[in-house]
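Here is the structure we will look at, set down as structure tokens.
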Amino acid sequence: MATTYEAIATVTVGSGGAANIEFTSIPATYTDLLLRISARSTRSGVDANELKITFNNNTSNYSERTLRGSGSAVTSSSFTSAGIANVLTNATTSTASTFGSTDYYIPNYASANNKSVSADGVSENNGTAAYATFDAGLWSNSAAITSVKIQDNDGNNLAQYSTATLYGIKSS
Amino acid sequence: MPTTYEPIATTTLGSNAASIEFTSISGSYTDLVLIVTPQQVTLGEDLALQFNSDTGSNYSRTYLCGDGSTAHSNRSSNSTAILLDHHGTPPTSGSFGVDIINIQNYSNSTTYKTTISRASTGDSQPAAVANVGMWRSTSAITAIKIFCTNSSNLKTGTIATLYGIKAA
């Protein structure tokens, strides 16, 4: 039987950090994609910062609504952005050696429909600034997704030891 | 090596339909994962689940929803289905939502059955919904029906895929 849940590729950021992690030449042979990230931003002076993912190097036609808990409050916001760009991950003033965990589920990524994204992310911190974000995203573009780029939303680097794995899921 | 995560069945609607149903679900898995990318013919209606053709008032759910301006939560008890989405405003017609529904320990005959799900409603301004549901029955789940509230149809192109996960 063909493998249902398959690791396509994984990247770990090396010494000095990296501006982005990118998966290219994604085959259209799966049904859905799951992008699983463990990341820390090098943005200074903050406990957490947003990750941004973009498809096919396209920076337009993204929209999101978020549901976010901070440990003391829950908020919801809406965005039109240059990517799916509002899930928080750990940054430099958060607890050392702590990386945020985020999943992006992208169903029917190779279809000719607009692309919905369901994302869950946490930036845990042994302190007052920790966040859990649930993000409903949409890329209003009918092109099949062939590449995914992961970046810090403000242009900072992803820290060494940040990792991302792209999984393909087959429905048959 | 035995397969851990296995597709059981998938349905893609070639025309509008009242529901998608998975029947004769094997009890050989540990957990189920149901992935639905829906669009409702009557925009704004909610996606819903029933198990084993039970249409009685044996379901409940609690949701947490972000609609882009406010976060809110509500619950329903003694319902005739588990409602998954929460449409504050009708979604646009060009996009399909995504519902990821986890059903743990679905095949035991001891416990009530619970679901945990995430929904992104696929609007141009989508809503983010986290949902927990319960079916007050100790029966093993052998059938799952996916449909819309208020008799809305599911639209052509809606896809539902059921996966089984084995713990060993």
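Points worth noting:
- The alpha carbons of the stretch A:30-172 stretch over 44, 30, 28 Å along the principal axes, in descending order.
- Once A binds B, the 1.4 Å probe can no longer reach about 2600 Å² of accessible area, counting both sides.
- Volume of the Cα convex hull of the stretch B:1-64, divided per residue and given in Å³: 161 Å³
- This model, with +1 at the C-beta of Lys and Arg and -1 at the C-beta of Asp and Glu, gives chain B a dipole about its Cα centre of some 280 debye.
- Hull shadow area, averaged, the stretch A:84-151 [alpha-carbon convex hull, nm²]: 4.9 nm²
- Cα-derived Rg to Rh of chain B, Kirkwood definition: 0.96
- When the protein assembly as shown is reduced to its Cα atoms, the Kirkwood hydrodynamic radius in Å: 20.4 Å
- Couplings 3J(HN,Hα) for the stretch A:81-97, derived from phi with the Karplus relation 6.51 cos²θ - 1.76 cosθ + 1.60 (θ = phi - 60°), are 9, 8, x, 7, 9, 9, 9, 7, 10, 5, 9, 5, 8, 6, 3, 4, 6 Hz, where x marks Gly and Pro.
- Carbon and sulfur %, accessible surface of chain A computed with the full protein complex present, 1.4 Å: 44 percent
- For A:31-42, mean number of other protein chain Cβ atoms within 10 Å: 1
- The stretch A:99-168-the stretch B:2-34 distance, computed between alpha-carbon centres (Å): 26 Å
- With Cα atoms defining each centre, the stretch A:24-78 and the stretch B:114-168 are spaced 23 Å apart in the structure.
- Take each peptide in B:147-154, B:58-65, A:92-99, count the other Cβ atoms within 10 Å of every residue, and average; sorted highest first, the result is B:58-65, B:147-154, A:92-99.
- For the stretch A:1-97, the dipole from Cβ point charges (+1 on Lys and Arg, -1 on Asp and Glu) about the Cα centre works out to 220 debye, to the nearest 20.
- Computed 3J(HN,Hα) for the stretch B:154-168, one whole-Hz value per residue from the Karplus formula 6.51 cos²θ - 1.76 cosθ + 1.60 where θ = phi - 60°, is 7, 8, 3, x, 4, 10, 10, 10, 10, 10, x, 10, 9, 7, 7, glycine and proline marked x.
- On chain B, 49 percent of the accessible area sits on carbon and sulfur atoms, based on a 1.4 Å probe.
- Per residue of peptide A:89-102, the mean number of Cβ atoms on other chains within 10 Å of the residue Cβ is 0.
- For the stretch A:1-100, convex hull of alpha carbons as volume per residue, Å³: 161 Å³
- Cross-link pairs A:K115/B:K166; A:K170/B:K166; A:K149/B:K145; A:K149/A:K170; A:K115/B:K145; B:K145/B:K166 - those with Cα-Cα distance over 27 Å: A:K115/B:K166; A:K149/B:K145
- Across A:G17, A:G71, A:G155, mean-square fluctuation computed from a Gaussian network of chain A (C-alpha pairs under 10 Å connected) peaks at A:G71.
The values are calculated or read from the model by the stated rules, or taken from the named source; none is laboratory data. What you see is a predicted model; the values in this text were computed from it and never measured. Reconstructed Cβ throughout: ideal geometry from the backbone, glycine too, with neighbour counts over all protein chains shown. Ligands, DNA and RNA are excluded from the accessible area calculation, which covers all protein heavy atoms including side chains. Shrake-Rupley method; radii C 1.70, N 1.55, O 1.52, S 1.80 Å.
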